[in-house]
1. Does any residue of the stretch A:168-189 turn out to be part of a loop (DSSP other than H, G, I, E, B), open to solvent by 10 Å² or more (accessible area, probe 1.4 Å) and touching a Gly at 6+ places or on another chain (Cβ under 6 Å)?
2. Among the residues of the stretch B:1-29, what is the count of those that are β-branched (Val, Ile, Thr), assigned to a loop (DSSP other than H, G, I, E, B) and open to solvent by less than 10 Å² (accessible area, probe 1.4 Å)?
3. Considering only the stretch B:79-89, I want to know if a residue exists there that is outside any loop (DSSP other than H, G, I, E, B), within 14 Å of chain A (Cβ to nearest Cβ), in contact with a His (Cβ under 8 Å, 6 or more places away or on another chain) and crowded, with 24+ Cβ neighbours inside 10 Å.
4. All but one of (1) away from every other protein chain (no Cβ under 12 Å); (2) without any contact (Cβ under 8 Å) to a residue 40 or more places away in the chain; (3) not hydroxyl-bearing (Ser, Thr, Tyr) hold for B:ARG63; state the number of the condition that does not hold.
5. Quick check on the stretch A:1-56: of everything there that is closer than 19 Å to A:GLU107 by Cβ, at pLDDT below 95 and assigned to a helix (DSSP H, G or I), which residue is nearest to the other protein chains (Cβ to nearest Cβ)?
6. Hey, does the stretch A:81-88 have a residue that's open to solvent by less than 30 Å² (accessible area, probe 1.4 Å) and farther than 27 Å from A:LYS280 by Cα?
7. Of the residues that make up the stretch B:146-158, is at least one in contact (Cβ under 8 Å) with a residue 12 or more places away in the chain, of a type in the set (A, V, I, L, M), farther than 25 Å from A:THR10 by Cβ and open to solvent by 50 Å² or more (accessible area, probe 1.4 Å)?
Amino acid sequence: MELEKLRHGTKLIKRGFAKMQKGGVIMDVTTPEQAKIAEEAGAVAVMALKSVPSDIRKAGGVARMADPEVTSAIINAVTIPVMAKARIGHFVEAEILQALGADMIDESEVLTPADNFYHIDKTAFTVPFVCGARNLGEALRRINEGAAMIRTKGEAGTGDVSEAVTHMKQIMGEIRELKGKNKEELIMVARDIEAPIELVLETAKMQRLPVVNFAAGGIATPADAALMMRLGADGVFVGSGIFTAEKPEAMAKAIVEAVNNYDKPEVLAEVSKGIGSGMKGISISSIPDEQILQTRGW
Amino acid sequence: MRIGVIAIQGAVSEHVDALEHALLERGEVAEIVTIKHSGLVPTCDGLILPGGESTTLGSLLVREGIADEIKEAAAHGMPIMGTCAGLILLAKEGDSQVEKTHQDLLSLMDVKVNRNAFGRQHESFEANLDVSVLDSQYNAVFIRAPAIVEYGNDVKVLSKVGEFVVAAEQGNLLALAFHPELTDDLRLHQYFLDRVFGR
């Protein structure tokens, strides 16, 4: 086998990468030191950011891709995959992240959208993308644009898991509803939810999304992470929940163990002990509409 | 017959599906168990270590007490197939990348591995491989794949990409740098099952 006959960036490779993350925890980090803590704790990947979503929320203003220098330093600090966020529609930020060596790009509503109409054409990239979704139609539109992984949007930076629960139940419920429908009924569903018919048919047949589906947005404790796994998530993203907690190392390790033991309450009870208090958080109902992140993207 | 798939993290359901299809194809029956905790490995007749993140898998295998059970089973001749991260875990020695994370290797195969031999996700690839135990080419999927860079006399090389060894066996152990569970080609699962049923 000669090296020049290799095929890069195929759908199988992109979706395959996401599959290797299943059953794992992906943690937001802002420094190489934090990335090492996440790796030691057993994270399957880290998300390199300028600041965690709860700080982005506090700071206000325009949130952009992280400084390439920080992203590079994080990439060099760990052996696990490094993901990074680009603004919705900002394909140049995504190209920069690909050039830096990011293993997956999150086209994320946590950053300020750069395009009011279009998401990035993700098929044009060699590296895979993850995108947020609140319902089946949104998830399938992102997959149609080339996303290799979906995550619930939840409401990032709040430590309030309720929106992630809503989005996961919504997507799972819509998939269950496809069961037993014939082709003409599925065509009607595709029209209603504004998703490509091929993907609706595939989802109906598989009874799951055609790509890996993680939970994200507001997960702050081992119990939150286990809850999302119980609702059918393939894995979890933890954003602000780790490095704004009182004891980040203990929290990180406990969340990893909670995901591996999500169906064992006695183990969850043990791992939840002595990990200090979680992030303070902010309840969704107290956030003014214009500061809600999940409505970004369409 | 009972075949275990280590299910801590990674491409678990894909291996289970591939095993089910492969068993159907050969008309044989076996129970497939997914393993997240200690106690099950010793009850199996064959074991798969799937791909995932080797650092995460390695440390949780130790934390859950599964690592010692696998070593014990391997010493008693249980057929074991490690794919991608599974290959790293089977190895005796890792490169500086592996050392850096103080990774817990099972040290079963006399091989030295490079953790991400081909590079990052951008360099991940598919390729048609010649595998010595298969009669025609095999489309293999490599994802941030490792490779064997040194090996002892007891190791039989099954396939190479350039200078890198990407498939090898040593006694009851079979190590693949790529992901046979991601394609519909079941020949390598069949090759593994031949060993399980041929014991």
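1. No, the conditions are met nowhere in the stretch A:168-189.
2. Qualifying residue count for the region: 1.
3. Checked the stretch B:79-89: at least one residue is outside any loop (DSSP other than H, G, I, E, B), within 14 Å of chain A (Cβ to nearest Cβ), in contact with a His (Cβ under 8 Å, 6 or more places away or on another chain) and crowded, with 24+ Cβ neighbours inside 10 Å.
4. So B:ARG63 meets the others, but not (1).
5. A:PRO53
6. Yes: one or more hits.
7. Yes, there is a match, as at least one residue in the stretch B:146-158 is in contact (Cβ under 8 Å) with a residue 12 or more places away in the chain, of a type in the set (A, V, I, L, M), farther than 25 Å from A:THR10 by Cβ and open to solvent by 50 Å² or more (accessible area, probe 1.4 Å).
Residues checked against (1) within 14 Å of chain A (Cβ to nearest Cβ); (2) modelled with pLDDT under 95:
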site	(1), (2)
B:ALA11	yes, no
B:ARG26	no, no
B:THR43	no, no
B:THR56	yes, yes
B:ILE70	no, no
B:LEU105	yes, yes
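The values are calculated or read from the model by the stated rules, or taken from the named source; none is laboratory data. Quantities reported herein were computed from a predicted structural model and do not represent experimental measurements. Note that each Cβ is placed from the backbone with ideal geometry, even for glycine, and that neighbours are counted across all protein chains shown. SASA here: full protein model, heavy atoms, side chains in, ligands and nucleic acids out. Shrake-Rupley method; radii C 1.70, N 1.55, O 1.52, S 1.80 Å.
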